[in-house]
Structures are given as structure tokens and as C-alpha cells.
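Worksheet: one structure, shown below.
The values are calculated or read from the model by the stated rules, or taken from the named source; none is laboratory data. As the structure is a prediction and not an experimental result, all values here were calculated from the model. All Cβ positions, even for glycine, are placed from backbone atoms using ideal geometry, and neighbour counts span all protein chains on display. Only protein heavy atoms, including side chains, enter the accessible area calculation; ligands, DNA and RNA are left aside. Shrake-Rupley method; radii C 1.70, N 1.55, O 1.52, S 1.80 Å.
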Amino acid sequence: MEILVEKRVGILGGTFDPVHLAHLQLAKSAYEQFQLETVIFLPAGDPPHKTNRQITPAYRRLEMLKLCLKDYPQFRISEYEIEKQGYSYTAETLEYFTQMNPEVQYYFIIGADSLFNMDTWYCPERCLSKAVFLVGNRQERAEEEIDKQIHYLTERYGGSIEQIQMPGMEISSSKVRDLLSKGQDASHYLAPGVNEYILKNHLYYKGPTENLTMAVKKKLPAGRFLHTLGVVEAALPMAAKFGCDAQKVKTAALLHDIAKPLTTAEMVDICQKAKDPVTPDELAREKVIHAKAGAIIARDEFGITDQEILDAIRYHTTGRPGMTMLEKIIFIADFIEPGRTKAPNLDRIRREAMLDLNRCVCMIARDTLQYLQESKAVVDQRTVDTYEYYKSITNMI
Ligand SMILES: [Fe+2]
Ligand SMILES: [Fe+2]
């Protein structure tokens with residue numbers, strides 16, 4: 001007679017912002033104590049667009065998870081909720097997993113805090129019908145208190161909930177973020193690779209650019225500020241992918257449209273005073289003046305001295321031949337940020353942004369020229385030069 005061996009798989013969901021050593025310990029303890037075949041780390045997706053920008057983008061949380069788990073082949077990562085996007089209810093996620101793998105008995109791992117707010121979950125009975133719940137207590141609550149809550153929940157909703165015995169660890173993502181925001185060391189709480197990644201990419205540190213964000217917010221109308229944050233959001237993955245300094249990218253992205261709320265006369269005046277007067281050609285194409293005036297404001301009001309940042313602001317609308325990587329990233333991010341929806345070929349251009357910056361610049365310049373011609377607006381010579389240059393170096397038609 002064939003003996004049916006049940007597969008036992010743990011799922012550890014969370015935002016993992018960032019993943020820390022207590023997450024790892026929770027997975028290890030559950031894995032050992034319940035003889036699980038694996039534990040799947042399930043990072044939550046990005047919140048729906050424009051509702052909450054406080055959470056670190058999913059691609060970064062995912063990178064950190066990969067670094068954290070690279071020496072633990074028994075653990076896996078599922079991108080299910082990230083790919084699904086928007087908010088995922090645990091009940092729906094568990095139903096998806098059990099439907100896909102009916103032969104698996106799932107063990108859904110939660111912290112003690114979640115156990116005490118399970119009453120507020122969406123359909124707790126549906127969750128409990130699909131998986132055994134395992135509660136990790138990092139010694140923040142007494143065992144009897146947890147037992148009482150387990151008894152109450154299983155009486156009310158059915159299912160099965162068990163406790164994971166694990167060492168007490170006073171770590172939380174918010175505590176880690178708090179330390180890092182002040183520039184303090186959090187390496188005791190993180191896997192070494194994760195700590196390095198955070199420092200290299202200036203995650204969580206609320207240093208100069210955090211103050212800059214607040215200063216920019218005061219200067220821009222709400223819609224323009226949202227667009228600006230969108231440009232930051234679009235630019236950082238390119239910076240990470242192609243190895244461009246994240247701090248510089250963020251600074252340029254934050255300031256790129258800083259002159260936008262001004263009138264043309266005010267912008268012309270700023271350029272005049274900076275002895276960088278607006279040419280008649282530029283005056284005919286009002287849209288490009290804000291880029292030039294923006295670079296001057298960034299330098300004179302915000303004290304930016306890095307020429308590369310100033311040039312990225314100055315050429316963000318037209319581009320120019322031979323741009324630096326930073327210039328290309330800002331030029332592209334301005335076009336593809338998540339708030340942009342109207343331009344044709346957006347999907348293709350967004351894909352190209354993570355593959356080849358030169359080809360992406362070429363595509364944007366081409367589509368911009370086409371748009372200007374179709375709408376009978378003045379065609380900018382610098383955009384033409386940008387297009388011709390990037391067409392020639394990428395062999396694009
Ligand atoms: Fe702009
Ligand atoms: Fe912009």
C-alpha cells in the first residue's frame with residue numbers, strides 16, 4: 001500500500017522592510033520544530049499607487065530577502081504578492097497556495113502581535129481553514145496569555161494554532177529603520193549582506209535627501225511633488241541596476257522640476273541674474289526654460305555644487321548628446337515615472353529602461369519629436385540632436 005507523505009510547508013509573510021535576524025530565527029525555529037520541508041518567505045507587494053510611499057519599493061525588499069537567505073537553501077521566496085500588486089488578503093493568498101498545491105499542508109507563521117489582532121483580519125475563518133497557524137513568541141508576551149488567545153480564536157473560528165518555541169529577540173523592522181534613519185549601526189540585527197546593501201543604497205537614512213524632500217515639498221504644488229516622488233521612484237531602480245550613486249540620483253530627481261511653479265518671466269529673470277540668459281530659441285520653447293532655471297535654483301538656493309547633478313536637472317527635458325549616466329537616468333525617469341500614463345509605447349520604454357539606457361533615451365527622444373511634430377509645437381533642436389546622437393550609437397532605426 002502506498003503511504004501518502006504529506007508535504008509540510010511554512011509560509012512567512014510580511015513587508016520585510018527590512019528583513020532582519022528575528023525573521024530568520026522565526027523561520028528556522030518553525031522549520032525545525034514542525035519538520036517543515038521549506039519555509040517560503042512571502043513579501044507583501046507595493047501599496048497601490050499614490051496611497052502610501054512610506055514603504056520601501058518591493059524590488060529593494062526582495063533584493064534584501066535574497067541576500068538574507070542566500071546561505072539558507074532550505075528557505076525560498078515567493079514573489080506572488082509582489083507580482084499581484086496592491087493589497088493582498090491572507091485568506092486569498094492561502095486559498096491560492098492551497099489550490100495550486102493541494103498535496104501540501106501549509107503552516108502560516110505569524111508573530112504574537114498578529115495573533116492578538118486576528119479578529120480584525122479579513123475572514124479569519126477562511127485563513128484558519130487553509131493552514132495551521134504557527135505563532136512565534138519573541139518573549140514579548142507570556143505563554144499563558146498566548147494560549148488563552150489561541151483557545152479563544154480556535155473556539156471562534158475553528159482551525160489549529162500552535163506556538164513556536166524560540167529564543168527571545170528584541171528586534172523589529174521599525175526599530176531597525178529607526179536606528180538607520182539616524183545613521184546608527186544596526187548590523188547586529190541584520191544579515192551582513194543586508195546591512196551592506198542598505199548602507200550602499202542609502203536606504204532608511206534620513207540624512208540630507210530627507211531634509212531635501214521636505215524642502216522640495218514646500219516649494220511645489222501637490223501634483224508636481226507627487227510627480228517628483230514618482231521620478232525618484234523610477235530613477236532608483238535604474239541607479240541600482242547600472243551602478244549610479246543613489247544619493248546623487250535622488251538629489252537630481254527631487255530637484256529636477258523645482259522651477260516648474262514659477263512664471264516664465266520669473267524664470268527668465270533668474271537666468272538673467274545668474275548671467276546665464278535665456279536665448280531667443282529657448283524662449284520660443286517655454287517648457288525647456290524650467291530645466292535651465294531649475295539647475296540655477298538647485299545651485300544657488302539648495303547649495304548643490306555637483307556639476308553632474310546640475311546638468312541632469314538642466315538637460316532633463318531635452319537630453320543632449322553624450323549624456324552622463326545620471327543625466328540619462330533623470331531624463332528617462334521623468335518620462336516613465338508611475339504617474340505618467342498617456343505616452344504611447346510606455347510599456348516598451350519602461351522595459352528598455354532596465355535593459356539599455358542609450359536605447360531608452362533614443363526611444364524617448366524619438367517619441368517626443370513625433371509628439372511635437374504632430375501637435376505642431378516648436379521642435380527643439382537639442383532634442384533632435386539627442387535623438388540623432390543616440391540613434392547613431394545604438395544603431396536604432
Ligand atoms: Fe520637467
Ligand atoms: Fe518632471
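Odds and ends about this structure:
- Listing of helices (runs of 4 or more DSSP H) fully contained in the range 188-274 that carry 3 or more residues being in the same structural domain as residue 324 (by TED's automatic domain parsing) and open to solvent by 70 Å² or more (accessible area, probe 1.4 Å): 208-219, 222-242, 264-273
- Meets criteria (in contact (Cβ under 8 Å) with a residue 12 or more places away in the chain and closer than 22 Å to residue 65 by Cβ) for residue 175: yes
- Members of the range 292-320 found to be in contact with a Leu (Cβ under 7 Å, 6 or more places away or on another chain) and farther than 23 Å from residue 380 by Cα, listed by number: 298, 299, 302, 304
- Residues satisfying the stated conditions in the range 334-374, i.e. more than 17 Å from residue 287 (Cα to Cα), open to solvent by less than 30 Å² (accessible area, probe 1.4 Å) and either more than 16 Å from ligand 1 (Cβ to nearest atom) or part of a helix (DSSP H, G or I) (or both): 336, 346, 349, 352, 353, 357, 360, 361, 362, 363
- Enumeration of residues in the range 134-161 that are surrounded by 13 or more Cβ atoms within 10 Å (Cβ to Cβ), modelled with pLDDT of 95 or more and over 14 Å from residue 124 (Cβ atoms): 134
- Some residue of the range 279-292 being of a type in the set (Asp, Glu) and without any contact (Cβ under 8 Å) to a residue 40 or more places away in the chain: yes
- Residue among 317, 305 that is in the same structural domain as residue 359 (by TED's automatic domain parsing) and open to solvent by 50 Å² or more (accessible area, probe 1.4 Å): 305
- Residue match in the range 163-170 (condition: surrounded by 14 or more Cβ atoms within 10 Å (Cβ to Cβ) and within 27 Å of residue 56 (Cα to Cα)): yes
- Residues being touching a strand residue (DSSP E or B) at 6+ places or on another chain (Cβ under 9 Å) and of a type in the set (Lys, Arg) - total across the range 76-95: 1
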